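The structure under discussion appears below in the form of structure tokens.
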Amino acid sequence: MKDAAPQTIYLKDYQPFGFEIDKVHLTFRLNPEKTRVISRIVFRPNPEAEERDFFLHGEELDLIWAKIDGAEVTPILEDGGLRCAVPERAFTWEAEVEINPEANTALEGLYMSNGMYCTQCEAEGFRKITYYPDRPDVMAPFEVRIEGDEKVKLSNGNPGASGDGFAEWHDPWPKPAYLFALVAGDLVNHPDRFETMSGRDVELNIWVRPGDEGKCAFGMEALKASMRWDEDVYGREYDLDIFNIVAVDDFNMGAMENKGLNIFNSSCVLASPETSTDGNFERVEAIIAHEYFHNWTGNRITCRDWFQLCLKEGLTVFRDAQFTSDMRSEPVKRISDVIALRARQFCEDNGPLAHPVRPESFVEINNFYTATVYEKGAEVIGMLKTLVGDEAYAKALDLYFERHDGDAATIEDWLRVFEDTTGRDLSQFKRWYEQAGTPRVKVRDTYKDGTFTLHLEQSTPPTPGQDVKDARVIPIAIGLLAPNGNEVVPTQVLEMTQANQSFVFEGLASRPVPSILRGFSAPVILERESDNAERAFLLAHDTDPFNKWEAGRALARDGLLAMIRNGAGPDDAYLDAIEAVARDDNLDPAFRALALGLPSQEDLAQSLYEAGDTPDPQAIWDALETLKQAQAQKMQDLATRLYAQYQVDEPYAPNAEQSGARALANAALGMISRVDGGALAQKQYDNADNMTQQLAALSCLLKAGKGAAAVTAFYDQWKHDRLVIDKWFSLQILQADPDDAAEVTQILTNHPDFTMKNPNRFRATLGALTMNTAGFHHVSGVGYGVLADWLIKLDPINPQTTARMCTAFETWKRYDETRQEMAARALDRILAQPELSRDTTEMVTRIRG
Ligand code: ARG
Ligand code: ZN
């Protein structure tokens with residue numbers, strides 16, 4: 001609960017702070033309930049600033065004393081901070097405050113997790129540690145002294161003196177307060193070393209609670225691979241003597257890039273074959289890379305203000321995706337990313353929470369760590385790279401690092417380096433940062449006398465606060481195939497800049513089949529009349545793996561929509577085409593596993609809604625079940641063959657090759673289980689020696705209604721392991737029948753291992769309910785009710801996680817009146833809570849519309 005009155009902050013109001021900081025020294029006297037923080041900060045007037053208002057942010061701090069140049073002062077304490085009269089020259093501010101880490105359940109600032117001290121300061125958590133200008137454009141070198149009995153005491157930068165009951169750290173690189181971190185506790189480390197490109201030796205550590213040492217090796221390899229990759233691909237070298245990663249159980253998000261001391265949700269760094277799935281390994285690798293890459297894109301070059309969040313997040317997501325593509329399969333990574341983008345970002349961009357990649361206002365910045373800022377922000381960079389080409393992109397990035405190292409930069413700065421290196425005018429391109437909403441691109445084609453013409457029309461529907469949208473620059477990668485399946489025009493990029501635009505291809509012997517938006521070259525919705533025959537053709541012949549997959553997806557979607565709308569039966573064209581793909585052993589098994597997947601319930605609901613229909617979640621679920629059942633029946637023989645063929649004989653390794661084989665075999669197991677009642681799944685469950693196999697089998701057993709024994713056995717086997725038990729909670733809810741999902745959730749919230757103080761456990765339970773789409777949107781309203789009850793309970797404890805989970809309601813206006821009424825009631829009930837947090841108030845207000 002914040003006591004500052006909710007206030008909207010605008011990008012246009014940006015003013016530099018009136019002072020610069022030469023140096024920060026912090027002393028922490030650790031105590032679970034009464035930690036003292038003594039700060040000594042050298043300020044000087046900022047010549048660039050017009051105002052000299054000495055306002056320091058501070059929340060939930062007990063001020064003990066304050067001094068300026070050694071003389072005690074009495075600042076005026078206000079909501080959210082303090083003000084003080086200060087001299088018109090350089091001066092030293094000192095203060096001592098008391099804070100209570102034990103009582104900090106919001107997990108922002110300094111808090112305790114399992115007896116260990118840790119911090120989370122991004123975006124505005126540092127103000128809960130001491131009085132400070134807590135804004136990213138105020139950068140300073142930090143010196144930190146930690147006093148306490150804990151075995152391990154860490155902060156940013158390089159280690160200084162240490163001894164009985166104290167440890168000192170010096171971070172020479174000026175940084176904003178949001179990158180500050182402190183960790184103290186009885187931790188153990190998994191150590192390693194790295195030699196940088198210029199031959200400097202860096203000490204690496206992953207710090208964990210005793211007992212978790214065995215889960216660090218993979219993360220360490222991923223860290224070293226990331227460090228090497230950033231040198232090889234971006235020429236970026238690490239810049240301190242030590243790099244520490246700490247695993248923390250209670251964490252609001254994935255991980256945090258604090259300078260030299262990354263703090264991770266334990267679920268995003270710990271991994272072992274027995275306890276982690278292939279998907280978990282890949283995620284750990286990607287997040288370690290992401291946080292490491294922030295050292296240059298985020299830390300050395302940071303953001304001027306929080307409106308520029310995409311400057312560091314979009315770019316760093318883009319970089320980590322490049323890394324994953326290089327380490328694993330590029331097409332598989334691209335397809336998975338687009339599936340996620342459509343599921344989360346398109347949903348956001350087409351609903352009440354739509355906002356530009358660079359928002360223009362916010363109430364609570366924590367509510368803007370969104371799929372739009374991160375994932376669409378990365379897509380925008382991908383488009384920029386496509387438009388200027390790889391070479392110019394590399395040059396622009398070099399200039400960016402050279403020109404802005406040490407800066408708190410803006411999107412304008414970022415675009416300018418591209419303009420300066422290429423001579424291009426990017427003012428129209430900038431609309432991608434400024435305008436919310438997903439553009440629709442309508443495509444028609446004509447063919448006459450060897451000339452093929454594509455007619456494109458773009459438009460973007462209004463979003464909250466933005467009624468009119470201008471045409472954007474859209475890179476549309478395209479190739480043309482001849483009727484015999486040969487590619488007659490290889491991939492080229494069309495640059496669409498007008499609302500209506502045609503592109504002409506001449507000299508074709510016959511009417512080609514176009515493959516449009518290859519590699520998903522822009523985050524748009526492509527609208528094109530097409531038929532089953534054309535889709536099956538592209539699925540069979542397209543040389544672009546993304547569009548090959550997309551053709552299968554479109555076939556599946558159209559078939560499903562017909563089933564939902566007019567009770568049609570499963571579409572044979574789809575079943576035949578997808579079986580041919582699954583059968584083709586020349587195709588990557590991971591690709592085939594993706595091709596066998598079906599559009600999500602959310603995806604189908606959005607398609608129906610866009611077409612003017614009211615989606616019925618139960619009907620969507622039924623159609624998906626019917627299709628999966630038909631597919632299982634039809635593909636029995638093939639599934640049996642694939643299952644046998646793609647068993648991995650070598651010892652478990654979480655690499656792309658093995659993961660792909662397991663993904664395909666487990667897709668086959670899913671089909672087999674729909675026919676054999678779970679016999680094979682039980683066998684796999686009993687023999688599994690890794691979590692990927694064990695969890696896939698458990699999932700099939702639950703689906704087949706044969707999960708009871710395995711659920712008990714699984715719990716007994718893993719009750720000591722929090723991260724595995726999170727899986728146990730969520731899988732039971734995800735696999736529950738829609739009619740039972742809310743009840744299963746409620747039963748599990750009564751389990752002794754359920755706690756709402758741990759965000760992972762809360763997400764594994766209530767978050768899983770929101771992902772059981774038909775269960776959450778159940779016509780009885782019980783799904784909405786259960787979620788609202790728990791959000792109301794969680795808000796006073798942890799506003800950030802509460803606000804984030806409110807997004808489950810963001811699609812409520814798509815549905816029928818009955819559901820809308822019940823959702824509105826749930827939202828109003830949340831909003832009526834007397835002391836509702838700023839985070840949740842903003843979210844629910846926006847969603848309610
Ligand atoms: N910067 C972190 C990352 O993406 C995430 C911080 C999220 N902070 C928040 N308040 N939600 O790597
Ligand atoms: Zn990030």
Original post:
Which order do peptides 726-733, 522-529, 445-452 fall in by mean Cβ count within 10 Å, highest first?
Top reply: 726-733, 522-529, 445-452
**OP:** Please turn the phi angles of the stretch 350-357 into ³J(HN,Hα) values with the Karplus equation 6.51 cos²θ - 1.76 cosθ + 1.60 (θ = phi - 60°), one per residue in order, whole Hz, x for glycine and proline.
**Re:** 10, x, x, 9, 4, 8, x, 4
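Mind listing which GluC sites (Glu not before Pro) in the stretch 11-112 are in a DSSP loop and have 14 or fewer other Cβ atoms within 10 Å?
Numbers: sites: 20, 33, 48, 50, 51, 59, 60, 72, 78, 88, 94, 96, 98, 102, 108; in loops: 33, 48, 50, 51, 59, 60, 88, 108.
Hits after loop and neighbour filter: 33, 48, 50, 51, 88.
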Original post:
What's the lysine pair count for the stretch 132-261 at a Cα cut-off below 22 Å, pairs eight or more apart or interchain?
Top reply: 8
Subject >> Cross-link reach list, lysines versus residue 793, counting only Cα pairs under 30 Å and skipping chain neighbours closer than eight places >> reply: 2, 34, 128, 719, 727, 757, 813
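So how many Å³ per residue does the convex hull of the Cα atoms of the stretch 703-743 work out to? Before the final figure, lay out each step's value.
Values: hull volume 2.8 nm³, N = 41.
Measuring per residue, one finds 67 Å³ for the Cα hull of the stretch 703-743.
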Subject >> the stretch 90-182, Cα convex hull volume normalised per residue, Å³ >> reply: 109
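According to the square roots a ≥ b ≥ c of the eigenvalues of the Cα gyration tensor, what is the shape class of the stretch 338-410, taking rounded for a/c under 1.5, prolate for a/b larger than b/c otherwise, and oblate for the remainder? Provide the component values of the computation, followed by the final result.
Values: a/c = 3.22, a/b = 1.48, b/c = 2.18.
In terms of gyration-tensor shape, oblate.
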Subject >> Integer Hz, Karplus 6.51/-1.76/1.60 couplings in order for the stretch 628-641, x for Gly and Pro >> reply: 4, 5, 5, 5, 4, 5, 5, 9, 3, 5, 4, 4, 5, 5
Subject >> Residues whose placed amide H lies under 5 Å from that of residue 277, excluding near-sequence neighbours >> reply: none
Subject >> Principal-axis tilt of helix 545-566 within the chain, Cα atoms, nearest 10 degrees >> reply: 70
Subject >> 5 angstrom amide H check on residue 502, placed H, neighbours 5+ away >> reply: 456
**OP:** Choose one of 207, 694, 404: the residue whose Cα lies farthest towards the positive end of the charge dipole of the chain (beta-carbon charges +1 Lys, Arg; -1 Asp, Glu; about the Cα centre).
**Re:** 694
Original post:
Whose amide H sits under 5 Å from the amide H of residue 236, counting only residues 5 or more places off or on another chain, with H placed in the peptide plane?
Top reply: 231
Subject >> Whole-angstrom gap from the stretch 670-711 to the stretch 112-186, using each part's C-alpha centre >> reply: 46
Original post:
Give me the log10 of I(q) over I(0) for the stretch 53-100 at q = 0.27 Å⁻¹, as the Debye formula computes it from C-alpha points; what are the numbers?
Top reply: -1.13
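Applying 1/(1 + (r/R0)^6) with R0 = 30 Å to the Cβ-Cβ distance of residue 688 and residue 600, what FRET efficiency is obtained, to the nearest 0.05? Spell out each step's value before the answer.
Numbers: r = 27 Å, r/R0 = 0.89.
Working from the Cβ atoms, E equals 0.70.
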**OP:** Give me the aspartates and glutamates in straight-line cross-link reach of residue 628: C-alpha distance below 16 Å, same-chain residues under 8 apart excluded.
**Re:** 558, 571, 572, 576, 579, 637, 676, 737
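How about the stretch 262-345: which GluC sites (Glu not before Pro) there lie in a loop by DSSP and see at most 12 other Cβ atoms within 10 Å?
Working: sites: 274, 282, 285, 291, 313; in loops: 274.
The qualifying sites: there are none.
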**OP:** Take the Cα coordinates of the chain, assign each an equal point scatterer, and use the Debye formula without solvent to give log10 I(q)/I(0) at q = 0.09 Å⁻¹.
**Re:** -0.94
Original post:
Once both axes come from the Cα atoms, what is the angle between helix 217-234 and the longest principal axis of the chain, in degrees from 0 to 90, rounded to 10?
Top reply: 90
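Would you mind calculating the gained length between residue 399 and residue 797 on full extension (0.36 nm times residue separation, minus the Cα-Cα distance), in nm to one decimal? Don't jump to the answer; show the numbers that get you there.
Values: separation 398, 0.36 × 398 = 143.28 nm, distance 4.49 nm.
That pair, residue 399 and residue 797, stretches by 138.8 nm at full extension.
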Original post:
Under a straight-distance cross-link criterion of Cα-Cα below 18 Å, which lysines are reachable from residue 548, leaving out those fewer than 8 residues away in the same chain?
Top reply: 333
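Length gain on complete extension for the stretch residue 48 to residue 813, per 0.36 nm per residue less the alpha carbon to alpha carbon distance? Walk me through the numbers before you get to the answer.
On the way: separation 765, 0.36 × 765 = 275.40 nm, distance 4.75 nm.
Extra length from residue 48 to residue 813 when fully extended: 270.6 nm.
Between the DSSP loop rule and a limit of at most 13 other Cβ atoms within 10 Å, which GluC sites (Glu not before Pro) in the stretch 806-849 are left?
Working: sites: 810, 817, 821, 835, 842; in loops: 810, 835.
Within the stretch 806-849, the qualifying GluC sites (Glu not before Pro) (loop, at most 13 other Cβ atoms within 10 Å) are 835.
Over the stretch 238-397, what is the mean sequence separation of C-alpha contacts under 8 Å (at least six apart), divided by residue count, expressed as relative contact order in percent? Working shown, then result.
Working: 169 pairs, mean separation 28.4, N = 160.
Normalised by residue count, the contact order of the stretch 238-397 is 18 percent.
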Original post:
How far apart, in nm, are two points set 7 Å out from the Cα along the Cα-to-Cβ line at residue 568 and at residue 717?
Top reply: 4.3
Original post:
What residue among 599, 671, 575 has its Cα farthest toward the positive end of the dipole of the stretch 567-691, where the charges are +1 on Lys, Arg and -1 on Asp, Glu, each on the Cβ?
Top reply: 671
Original post:
Suppose R0 equals 45 Å; then what is the FRET efficiency for residue 427 and residue 451 from their Cβ-Cβ distance, rounded to the nearest 0.05?
Top reply: 0.85
**OP:** Measure nothing but the geometry: give the 0 to 90° angle between the long axis through the Cα atoms of 390-404 and the longest principal axis through the Cα atoms of the chain, rounded to 10°.
**Re:** 10
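Compactness ratio of the stretch 415-534: Cα Rg over 2.2 N^0.38 Å, N = residue count? Intermediate values should be presented prior to the final figure.
Working: Rg = 16.1 Å, N = 120, 2.2 N^0.38 = 13.6 Å.
Ratio of Rg to 2.2 N^0.38 Å for the stretch 415-534: 1.19.
None of the figures in this text is laboratory data; all of them are computed from the coordinates on show. From a predicted model like this one, the values you see are computed outputs, not experimental measurements. We place every Cβ from the backbone using ideal geometry, glycine too, and count neighbours over all the protein chains shown.
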